[in-house]
Amino acid sequence: GGVCVAQSVKIPREPKPGEFDKIIRRLLETSHARAVIIFANEDDIRRVLEAAKRANQTGHFIWMGSDSWGSKISPVLHLEEVAEGSVTILPKRVSVRGFDRYFSSRTLDNNRRNIWFAEFWEENFHCKLSRHALKKGSSIKKCTNRERIGQDSSYEQEGKVQFVIDAVYAMGHALHNMHKNLCPGKVGLCPRMDPVDGVELLKYIRNVNFSGIAGTPVTFNENGDAPGRYDIYQYQIRNSTPEYKVIGQWTDHLHLKVESMLWPGGGSQLPSSICSLPCKPGERKKLVKGIPCCWHCERCDGYQYQLDEFHCKRCHFNERPNENHTSCTPIPIIKLEWSSPWAVVPVFIAIVGIIATLFVVITFVRYNDTPIVKASGRELSYVLLTGIFLCYATTFLMIAEPDLSTCSLRRIFLGLGMSISYAALLTKTNRIYRIFEQGKKSVSAPRFISPASQLVITFSLISLQLVGVCIWFIVDPSHSVIDYEDQRTTNPHFARGILKCDISDLSLICLLGYSMLLMVTCTVYAIKTRGVPETFNEAKPIGFTMYTTCIVWLAFIPIFFGTSQSAEKV
């Protein structure tokens, strides 16, 4: 299907010396095809075969000749091995009965009307009619006019005799029909046929329909061509004897006896002749300009697959090509698995943190009424421990399979745990700051320093975080998505779709933004209270914690955004 099995040979009208050797070199260099279709006269056919023999290509080319080659001996004489396997054609013909008797009776005396007959006579009998044309020492004799065709020379009826006779009859039928239509009832030419209009006569020739001398119908199609009837020959060598053997015929369609064909070397195996090898699966054909049956094979690379013989097409965004790029398959979906090291380590740390937090909670509950617990502000301490617990527990939400409920809980608790922790710390540092600032002005206690007031302030700060999350739910409802771009590698084999919640990098920072604001404010108050007496040294550990946290966050934000668009992002 579409494989170029043959090349054509174009021979110049006046070939220069070495031209035929160039033709053979060009055939060898420009294509893998071995079959060569050749349209040339028998002399040029012979020169091409000789050039192939000089190039040591005997048996390489399979020649296909037109009727100018036919079954002639002269083109292949002494070149039998080079021409072995050649396929030629000849118009289907029969010997015209009576023509041999007529032609063999022709002599110089009874065929004077044919002006070329004398030349034929000299050529056929190897003699000269004129004594002056004889050269001294030449073996050519003078014609005696007693020579007879078929007796003093070999004779075989020319195969095109029937076509010449049919052509004459076609002209006669056309003139007869033309005369009958243009000159009805008149003898000889009438004014409408004097002179004869060639264009009009051509129409009558194309419309003739009669039985030819061989009994076959003579007709012409709209292009002026007669029906093709050909015998197909192959030049074979059997038992060291070369011969042309009929292997098929063409009459409206091809009849070919493949089992009767022999190829160079005497084999019956059909030789391969291709201009371009068939493309592999997943490769498209890129046609060579000017040679429609030759192409280069190009791989459908990247995320492309082979749409048809000549085109590649990119797979849908959620698909990748299969191994041989002949179709597309869904990209595998991945998520963070509980067995992954990226999950095992955080879960282990979270469990340790939860256990430590619960241990502190139990200790606080056990010593709930002791002076040291009361002095530390046990109400805010419980709130702070709750925030720490939520921070550790959020780890399990981050690893769980993303769905509507998981993604909604992530939005709520991811920032809530830190907001609770920083709100409690901010309230504590603010209370210490206001107490000592008020002590510088008067001995009266500042307002809103009771445990109940502290809880109200803390929960008010926490409620702002919840209000922000509620607004976010209204503006952009939570859902899970499959991200095909993050893991779209150059090699489609490693492409993966990531199942995750619809929280973008920017949304994540905005979600934690309020917690960062509380953290920064808390740090400011921690700096202001750094000079309090040792008795109230709780402010100093809080300050140290805030300094460390700020440094970590200041490093985290640029690193997070800097890697979010890079290939190294995990």
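The values are calculated or read from the model by the stated rules, or taken from the named source; none is laboratory data. Note that the coordinates shown come from a computational prediction; the quantities given were computed from them, not determined experimentally. Reconstructed Cβ throughout: ideal geometry from the backbone, glycine too, with neighbour counts over all protein chains shown. Ligands, DNA and RNA are stripped out before the accessible areas are found, and what is left, the full protein with its side chains, is counted by its heavy atoms. Shrake-Rupley method; radii C 1.70, N 1.55, O 1.52, S 1.80 Å.
Odds and ends about this structure:
- Meets criteria (of a type in the set (A, V, I, L, M), on the phi < 0 side of the Ramachandran plot and either in the same structural domain as Ser515 (by the TED database) or open to solvent by less than 60 Å² (accessible area, probe 1.4 Å) (or both)) for Leu307: no
- Asp231 passes every criterion in (1) surrounded by 12 or more Cβ atoms within 10 Å (Cβ to Cβ); (2) of a type in the set (Asp, Glu); (3) free of Cβ contacts under 8 Å to residues at least 12 places away in the same chain apart from (3).
Okay, residues lined up against (1) more than 30 Å from Met193 (Cα to Cα); (2) modelled with pLDDT under 90; (3) out of contact with any strand residue (DSSP E or B) (no Cβ under 9 Å at 6 or more places or on another chain); (4) among the polar types (S, T, N, Q):
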site: Ser104; (1), (2), (3), (4): yes, no, yes, yes
site: Asn110; (1), (2), (3), (4): yes, no, yes, yes
site: Ala118; (1), (2), (3), (4): yes, no, yes, no
site: Leu129; (1), (2), (3), (4): yes, yes, no, no
site: Lys160; (1), (2), (3), (4): yes, yes, no, no
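- Breaking point among (1) in contact with a Leu (Cβ under 6 Å, 6 or more places away or on another chain); (2) surrounded by fewer than 21 Cβ atoms within 10 Å (Cβ to Cβ), for Phe436: (1)
- Note on region 278-318: residues that are more than 16 Å from Thr489 (Cβ to Cβ) and either of a type in the set (Val, Ile, Thr) or part of a strand (DSSP E or B) (or both) total 19.
- For region 502-518, taking the residues that are in a helix (DSSP H, G or I) and small (Gly, Ala, Ser), the one that is surrounded by the fewest Cβ atoms within 10 Å (Cβ to Cβ) is identified as Gly513.
- Some residue of region 365-375 being open to solvent by less than 50 Å² (accessible area, probe 1.4 Å) and touching a residue at least 12 places away in the same chain (Cβ under 8 Å): no
- Residues that are in contact with a helix residue (DSSP H, G or I) (Cβ under 9 Å, 6 or more places away or on another chain) and surrounded by fewer than 16 Cβ atoms within 10 Å (Cβ to Cβ) occur at least once in region 485-495.
- On the stretch given as region 380-417, residues that are in contact (Cβ under 8 Å) with a residue 60 or more places away in the chain, assigned to a helix (DSSP H, G or I) and either open to solvent by less than 60 Å² (accessible area, probe 1.4 Å) or outside the structural domain of Thr545 (by the TED database) (or both) total 10.
- Contact map, region 69-98: residues that are part of a strand (DSSP E or B) paired with residues that are surrounded by fewer than 24 Cβ atoms within 10 Å (Cβ to Cβ) and of a type in the set (Lys, Arg), Cβ distance under 8 Å, separation 6+ or inter-chain. Pairs shown: Pro91/Lys160; Pro91/Arg229.
- Residue match in region 427-446 (condition: within 22 Å of Cys510 (Cβ to Cβ) and part of a helix (DSSP H, G or I)): no
- Residues of region 146-156 that are surrounded by fewer than 11 Cβ atoms within 10 Å (Cβ to Cβ) and among the polar types (S, T, N, Q): Gln151, Ser154.
- Whichever residue in region 77-134 is within 30 Å of Gly265 (Cα to Cα) and among the charged types (D, E, K, R) and, among such residues, is least open to solvent (accessible area, probe 1.4 Å): Glu84
- Selection status of Thr521, open to solvent by less than 50 Å² (accessible area, probe 1.4 Å), assigned to a helix (DSSP H, G or I), β-branched (Val, Ile, Thr) and at negative phi: yes
- Residue match in region 328-338 (condition: under 23 Å from Asn491 (Cα atoms) and in contact with a helix residue (DSSP H, G or I) (Cβ under 6 Å, 6 or more places away or on another chain)): yes
- Gly159 vs. criteria more than 60 Å from the chain's Cα centre (by Cα), under 26 Å from Ile213 (Cα atoms) and open to solvent by less than 80 Å² (accessible area, probe 1.4 Å): no
- For region 7-26, taking the residues that are at pLDDT 80 or above and not charged (D, E, K, R), the one that is farthest from Ser272 (Cα to Cα) is identified as Gly18.
Yes or no, residue by residue, for (1) surrounded by 14 or more Cβ atoms within 10 Å (Cβ to Cβ); (2) in a loop (DSSP other than H, G, I, E, B):
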{"site": "Arg320", "(1), (2)": "yes, no"}
{"site": "His325", "(1), (2)": "yes, yes"}
{"site": "Trp338", "(1), (2)": "no, yes"}
{"site": "Val344", "(1), (2)": "no, no"}
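- Residues that are of a type in the set (D, E, K, R), in a helix (DSSP H, G or I) and modelled with pLDDT of 60 or more, drawn from region 524-570: Lys528, Lys540
- The residues of region 201-222 that are open to solvent by 60 Å² or more (accessible area, probe 1.4 Å) and not in a loop (DSSP other than H, G, I, E, B), listed by number, are Leu202, Lys203, Arg206, Ser211, Pro217.
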